[in-house]
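Visitor: Sharing a structure below in structure tokens format, with a few things to ask.
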Amino acid sequence: MSTNVEALRGEIGQWLEASDTAPRKWNTFILDLTAASMVDSAGLNFVVSLLKCAQQRGAKMQVTYSTQNVFRTFTFTRLDKHIELVKR
């Protein structure tokens, strides 16, 4: 079974690898989840791995969301303590 996370992991992984060799030009990693109605465990695992990558680069992470389900997931898992949440 293929998931959205698998496709994103490949695309963002390539971008992160390329940014490793380039001079640092970003200080905030923004993940747009406004089209997501929910985030499952695979999605949370992916978000945590992105957060770790951002932190290793000395950057912060921001997630934009539009549904209360996504917001509740981030607050329930306490990821809101590490990631800036922005409602759109």
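The values are calculated or read from the model by the stated rules, or taken from the named source; none is laboratory data. Values in this document were obtained by computation on a predicted structure and should not be read as measured data. Note: ideal-geometry Cβ built from the backbone for every residue, glycine included; neighbour counts use all protein chains shown.
Visitor: Which of (1) touching a residue at least 24 places away in the same chain (Cβ under 8 Å); (2) surrounded by 15 or more Cβ atoms within 10 Å (Cβ to Cβ) does Asp32 not meet, given it meets every other one?
Guide: All conditions pass for Asp32, except number (2).
Residues checked against (1) touching a residue at least 24 places away in the same chain (Cβ under 8 Å); (2) surrounded by 15 or more Cβ atoms within 10 Å (Cβ to Cβ):
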{"residue": "Ala42", "(1), (2)": "yes, no"}
{"residue": "Leu50", "(1), (2)": "yes, yes"}
{"residue": "Gln56", "(1), (2)": "no, no"}
{"residue": "Asn69", "(1), (2)": "yes, no"}
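Visitor: Next question, about the same structure. Would you confirm whether any residue within region 50-66 is outside any loop (DSSP other than H, G, I, E, B), basic (Lys, Arg) and touching a strand residue (DSSP E or B) at 6+ places or on another chain (Cβ under 7 Å)? Show your work before the answer.
Guide: We begin by selecting, within region 50-66, every residue outside any loop (DSSP other than H, G, I, E, B); these are 50-56, 60-65.
From the residues that got through so far, the ones that are basic (Lys, Arg) too are 52, 60.
If we keep only those that are touching a strand residue (DSSP E or B) at 6+ places or on another chain (Cβ under 7 Å) too, we end up with 60.
Within region 50-66 (the criterion being outside any loop (DSSP other than H, G, I, E, B), basic (Lys, Arg) and touching a strand residue (DSSP E or B) at 6+ places or on another chain (Cβ under 7 Å)), the answer is yes, since at least one residue qualifies.
Visitor: Where residues in region 18-39 are of a type in the set (Gly, Ala, Ser) and not in a helix (DSSP H, G or I), which of them is modelled with the lowest pLDDT?
Guide: Once the filter is applied, the top-ranked residue is Ala22.
Visitor: Quick one: would you say Ala42 is outside any strand (DSSP E or B) and more than 15 Å from Val5 (Cβ to Cβ)?
Guide: Numbers: outside any strand (DSSP E or B): yes; more than 15 Å from Val5 (Cβ to Cβ): no.
Criteria not met by Ala42.
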